[in-house]
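What follows draws every value from the coordinates through simple rules; no lab data is involved. These numbers were taken from a predicted model, which means no experiment stands behind them. Note that we place each Cβ from the backbone using ideal geometry, even for glycine, and neighbour counts take in every protein chain shown.
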């Protein structure tokens, strides 16, 4: 199975979970989401954020990945730095899939609510907007995230980014990437 097949299988799986009511929504984040808005770059994984429905629990999503996809999952503990409380990973073909829950992660839930349909690998998929992707990349803020943020800024409404950064207490981090210009 190649990367494109793995991607399509992943998206089909989450579409199915949404149709069955296990999740209320999902959206692509990370490097592949970046590729929907700006020049594509290589990535090591498929990152998906999901909103688990009230009729399900995170352990149901874990079990569904294991049984329906026949995948071994790695449960990862979230960190306070990123607000992630529930995360799992599994390997699909040549790539890792990281699945992040919106539980306790209001920014991710809001990002799903505002996600748009975009085309990735000739497939229509829900992708977080450039504005929300910038905010999500501000959380870990690695050197690659800074490069991605600079690229996304060309496709984003930066006034909206600033307003959202203020709402989610990320304005200092945003300003560390885009220092205010000195006024004359």
Taking only C-alpha pairs under 8 Å that are 6+ residues apart, what is the relative contact order of the chain in percent?
20 percent
Mind jotting down the three principal axis lengths of the chain based on Cα atoms? Whole angstrom, largest first.
63, 32, 25
Of all DSSP beta bridges in the chain, antiparallel share, percent nearest 5
75 percent
Per 5 Å bin, what percent of the C-alpha pairs of the stretch 30-113 does each bin hold, from zero upward?
3, 13, 22, 25, 20, 13, 4, 0
Output ordering of 133-143, 168-178 (per-residue mean of other Cβ within 10 Å, highest first) is 133-143, 168-178
If you average 1/r over every pair of different alpha-carbon atoms in the stretch 1-74 and take one over that average, what Kirkwood value in Å do you get?
13.3 Å
Once the cut-off is 16 Å, how many percent of the Cα-Cα pairs in the stretch 69-134 end up in the long-distance tail?
59 percent
